[in-house]
Amino acid sequence: MSPTIEKRFDIGCNFCGKINDGTHMFVAGLYGYICSPCITLCVNTLALVADGSVSPHPLKDEKN
Ligand SMILES: [Zn+2]
């Protein structure tokens with residue numbers, strides 16, 4: 001699946017809730033969108049994990 005860059009103004013980021021006001025790009029996924037500031041945050045976070053600055057925490061299973 002290749003990402004799609006959306007220019008629509010009736011969408012919002014499913015991570016932070018930011019509404020598209022035309023100042024940021026949004027990337028579409030199968031079930032929602034992510035804004036460019038959240039993408040930057042994710043890239044920076046993954047870089048910290050990659051260089052060992054922080055350790056990833058596995059998500060806990062709510063059922064157990
Ligand atoms: Zn966002």
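Quick notes on this structure:
- In a reduced charge model with +1 at each Lys and Arg Cβ and -1 at each Asp and Glu Cβ, the chain shows a dipole moment near 60 debye about its Cα centre.
- The angle between the Cα long axis of helix 36-50 and the longest principal axis of the Cα atoms of the chain comes to about 20 degrees, rounded to the nearest 10.
- Cα-projected label distance for residue 59 with residue 41, points at 7 Å along beta-carbon direction, nm: 1.6
- HN-Hα J in Hz across segment 9-24 - Karplus 6.51, -1.76, 1.60, θ = phi - 60°, x for Gly and Pro: 9, 9, 10, x, 7, 7, 8, 10, x, 4, 8, 5, 10, x, 8, 10
- The chain: calculated mean residue ellipticity at 222 nm from DSSP helix runs of at least 4, using -39500 (n - 2.57): -7500 deg cm²/dmol
- Extent along the principal axes, Cα only, for segment 11-53: 35, 23, 13 Å, with the longest axis given first.
- Segment 11-53, relative contact order [Cα under 8 Å, separation at least 6], %: 31
Readers should treat all values here as calculations from the given coordinates under stated rules, not as data from a laboratory. Here the structure is a predicted model, which means the values were calculated and not measured. Note: ideal-geometry Cβ built from the backbone for every residue, glycine included; neighbour counts use all protein chains shown.
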